[in-house]
Amino acid sequence: MTTVTDQATRQETAASSAQVPPAIELRGISKAFGPVQANKNISIKVARGSIHGIVGENGAGKSTLMSILYGFYKADAGEVYINGKRTDIPDSLAAIRAGIGMVFQHFKLVENFTVLENVILGAEDSALLGPSRRRARGVLKQLASDFELEVEPDALIEELSVGHQQRVEILKALYREADILILDEPTGVLTPSEADHLFRILRGLKEQGKTIILITHKLREIMDVTDEVSVMRRGEMVATRKTADTSPTELAELMVGRKVLLRVEKTKAQPGDEVLRVEGLRLVDAQGVERLRKIGFNLRAGEILGIAGVAGNGQSELLEVLAGLREAEGKAWLRGAPLPLSGPECNGQARRAARIAHVPEDRHRRGLVLPFHAWENTALGYHNDPRYNPSPWRMDGAAIVADTAAKMERFDVRPPNPQLPAEGFSGGNQQKIVLAREIEYGPDLLLVGQPTRGVDIGAIEFIHQRLIQLRDAGAAILLVSVELDEILSLSDRILVMFDGRIMGERMADATDAKELGLMMAGMTET
Amino acid sequence: MDLATLAQVLDSTLRLATPLLFACLAGLISERAGVFDIGLEGKILAAAFLAAAIAYVSGNVWLGVLAGIAVSVFMSLIHGVASITFRGNQLISGVAINFLAAGLTVVIAQNWFQQGGRTPSLTGDARMPTIDLPFAEALADVPVIGPIYGIFSGHAPLVYLAFLCVPATWFLLFRTRFGLRLRAVGENPAAVDTAGVSVIGLRFGAVAICGVLCGLAGAYLSTGLSAGFVKDMSAGRGYIALAAMIFAKWRPWHAMGAVLLFGLLEAVANRFQSIEVFGLALPVQVMQALPYILTVVILAGFVGRAIPPRAGGSPYVKEH
């Protein structure tokens, strides 16, 4: 029964889409920032009532294109047609009037306003707020029941979970009666179950005739939820495919411009002696909130232990404590010898001396000094190395530069120029500089946080291979990542953290995203 | 202290609190919109001078008040152009306005009136009149109620206006569309921008209102509280207003409480040349220093954590 109706509807949509103009049509959009051509002659059609995915590496120009559509930037050339009508979008107001709503990756919400205030901001009915508030309350109730978009109207934004904050962004767009909804990397901050809920919402909106553009780098989501997908590479639109007619492998190839391995190729781990043991690790932050609640685990040589979890559940703190950046209570042993978790012996220098290397989660804030040259950044933390210091009062810059050039060569950093400031490299190459620095010293234990955040697919592949090589060379690796796919493909063993606790441990080959997702959401083991 | 003295002190408290209240609300509105304004002091001073000068020349205090407002708004717009349009540093722009006002007022006053950088004393219609509330005279002899009513009666119109500005500001901020947007632009301008509302327009609006209120503060200072302009007569009131604003955590009603406290201290210092505390005579200077000492104490954060508007002090740069 259902299949018949489904088919009927599909035929109907197919038939009507022949006459109905596309919800959005871009013709020949170009935009340059100085010498950088962010968008080159881009044309795309998005059918009304469809979910259209746009994929591409970082810097491929997806966000620029959407910013043009939302009136943030003015295109140098090209035309925008909304529902077949040529439309100028000089600012956000014009975009809103044209029926476009945008959910940014970084939410544009006023944190200490209520949900209701955020929704009506800029879309008030009159000079006094009272009537707008009353009307919005009713509309929100309606939207909540229509689209599973329940949010407490009087809650403050800062009290809401990230998933709920995102709902407020969607509600903002719907309250403005948007017909076209653009979502920029919407699932980056969500748990798997929250993401599933979001996709249910999006499908519901589609059924109501709304058009949705989904920008993401997660190919699995594209395959799950979109009808059509367009691929961008280096500012150009390289392909548009029916989702049903393509595959993640093909999309990845189109994005990178060459063949890429989506699965990491690795042999089974050969765990050796125990390198790290942690017991009763507890951390209370300055606000008195318990961030780590009696954490205990062990890590052996030649294995990768993945820590899965939604951002903000204590993984960052765990890394910082082990790297000697924060003091905590509890006990830890490195190769059987006590590892101080507080006091003067607990610092980054002592940790490095103990052959613990650290690739921080935030490479801009902690991993690199952005205005410094690449060669200076390569020496940071290892600047006391006798090779760089031929005598106590002289540092041998030339030796560091030569060393850096060699490391850049081995890690395929582009451009391989040690004299370039760190901020002059792309995200992926910056990360390779950090990795080269930490890995090349041959650590016994590598602490690595978000190794591929903001890194292109091609570089991801390279970084993953390097981590596996380091493991096979006998190092112990503690991997913290919010990307569940990354955890699953790299780790040999997985711990899931929720609210400062370890929810459970799984062998990577005996679990899946669904099980881990439930644990990440705080569901206790069944 | 007898009842009559107390009534006198409270009466003077209201008058002394008035310029502070205008300035405090001015700063509050500006900072709520994300524009720090350390130039309140300079605007008060410039307004005080021009109000007195124009009132003296024209013989009409209200022309003076208008002139005070005009110069203060003009200086606000300079601050706006520097810090909103050209994204300059808000503190530096504010400090520049303070220096500008401190120097120019004296120089121009000397050039116009040749009285050592002051305006001649204001008399008659050049001085701000006072309003007696209804029945003030009839009630004057009634015990208790008479003196209390008397505290509130017989002030200049601007005193009443200042206190009316408190509920008005509250209403503007929390009950109107403009207020919602203004508060939003001080917390997260990107939210306002993506909602299709002009960040720059809103901030200029707030800065202009700030100018009007500072103008009123200055005009009252030289034509109501005193009878003429003298060099540096704002005497740090702009900074005290900022302290009161932080003390009040950027809330209008609390701001009124804070400036009344400062006004009271000043009134006490003016009324009692020396006070004996536990047999120790405190010299008058200690009393006069009290509002400033309290300012330091408040700014040092002894009043608990005050969280300023989150986008305060930073110009808005579009990014996606």
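Normalised by the number of residues in segment B:196-320, the mean separation of alpha-carbon contacts (under 8 Å, six or more apart) gives a relative contact order of 22 percent.
With helices as the sole contributors, chain A gives -10500 deg cm²/dmol at 222 nm; each DSSP H run of n ≥ 4 counts as -39500 (n - 2.57), and the sum is divided by every residue.
Computed over the Cα atoms of segment B:1-141, what is the convex hull's projected area averaged over all directions, in nm²?
So the mean shadow area of the Cα hull is 11.6 nm².
In segment A:292-449 the Cα-Cα distances spread across 10 Å bins starting at 0 as 10, 37, 34, 17, 2 percent of all pairs. To the nearest ten degrees, helix B:61-80 and the longest principal axis of the Cα atoms of chain B are 30 degrees apart.
Per residue, the protein assembly as shown exposes 44 Å² of solvent-accessible protein surface, assessed with a 1.4 angstrom probe and all protein chains in place. Of A:432, A:45, the residue with the largest accessible area leads and the full order is A:45, A:432 (1.4 Å probe).
To the nearest 10, the accessible area of residue A:249 is 70 Å² with a 1.4 Å probe.
Across peptide A:95-108, how many C-beta atoms of other chains are within 10 Å of each residue C-beta, on average? Show your work: numbers first, answer last.
Values: counts 2, 3, 1, 0, 0, 0, 1, 2, 0, 4, 1, 3, 4, 9.
The per-residue average across the peptide is 2.
With q set to 0.16, 0.21 Å⁻¹, the log10 of I(q)/I(0) for segment A:60-183, from the Debye formula over equal scatterers at the Cα positions, is -0.81, -1.21.
Work the Kirkwood hydrodynamic radius out for segment B:84-146: mean of 1/r over every pair of different alpha-carbon atoms, inverted, in Å.
Details: mean 1/r = 0.0606 Å⁻¹.
Evaluated over segment B:84-146, this radius sits at 16.5 Å.
If the chain linking residue A:372 and residue A:77 were pulled fully straight, counting 0.36 nm for each residue of separation and taking away their Cα-Cα distance, it would gain 102.5 nm.
When the P(r) of segment A:359-441 is calculated, the portion above 22 Å amounts to 17% of the C-alpha pairs.
Just to be sure I understand: if I project the alpha-carbon convex hull of segment B:3-237 onto a plane and average over all orientations, what area do I get in nm²? Don't skip to the answer; put the middle values down first.
On the way: hull surface 56.2 nm².
Value for segment B:3-237: 14.0 nm².
Explain nothing, just the number: relative contact order of chain A, from Cα pairs under 8 Å at least 6 residues apart, as a whole percent.
On the way: 1023 pairs, mean separation 73.4, N = 526.
Averaging sequence separation for qualifying contacts and normalising by length gives 14 percent for chain A.
Between chain A and chain B, roughly 2300 Å² of accessible surface gets buried, counting both sides and using a 1.4 Å probe.
When each full DSSP H helix of chain A is screened for a Cα extent of at least 15 Å along its own axis and an average Kyte-Doolittle hydropathy of at least 0.0, the helices passing are A:397-410, A:457-472.
Using a 1.4 Å probe on the protein heavy atoms, what percent of the accessible area of chain B belongs to carbon and sulfur? Mind dumping the intermediate values first?
Numbers: 9360 of 13730 Å².
Result for chain B: 68 percent of the exposed heavy-atom area is carbon or sulfur.
Roughly how many whole Å is it from the C-alpha centroid of segment B:76-132 to that of segment A:87-124? The two parts, judged by their Cα centres, are 40 Å apart.
Helix B:90-113 versus the longest principal axis of chain B: what angle, 0 to 90°, nearest 10, using Cα atoms? Relative to chain B, helix B:90-113 is tipped by roughly 50 degrees. Using the rule -39500 (n - 2.57) for each DSSP H run of four or more residues, divided by the residues of chain B, the 222 nm mean residue ellipticity is -22000 deg cm²/dmol. Global dimensions of chain A from alpha-carbon coordinates: Rg and Dmax equal 25.2, 84 Å.
In peptide B:176-186, how many Cβ atoms from other protein chains are near each Cβ within 10 Å, on average? Please list the in-between numbers first.
Values: counts 6, 11, 4, 3, 11, 3, 0, 5, 8, 2, 1.
The per-residue average across the peptide is 5.
Of all DSSP beta bridges confined to the protein assembly as shown, the antiparallel ones make up roughly 60%.
The values are calculated or read from the model by the stated rules, or taken from the named source; none is laboratory data. Small disclaimer: the values here were computed from a predicted structure and weren't measured. So basically every Cβ, Gly included, is an ideal-geometry build from the backbone, and we count neighbours across all protein chains shown. What goes into the accessible areas is simple: the full protein's heavy atoms, side chains included, and nothing from ligands, DNA or RNA. Shrake-Rupley method; radii C 1.70, N 1.55, O 1.52, S 1.80 Å.
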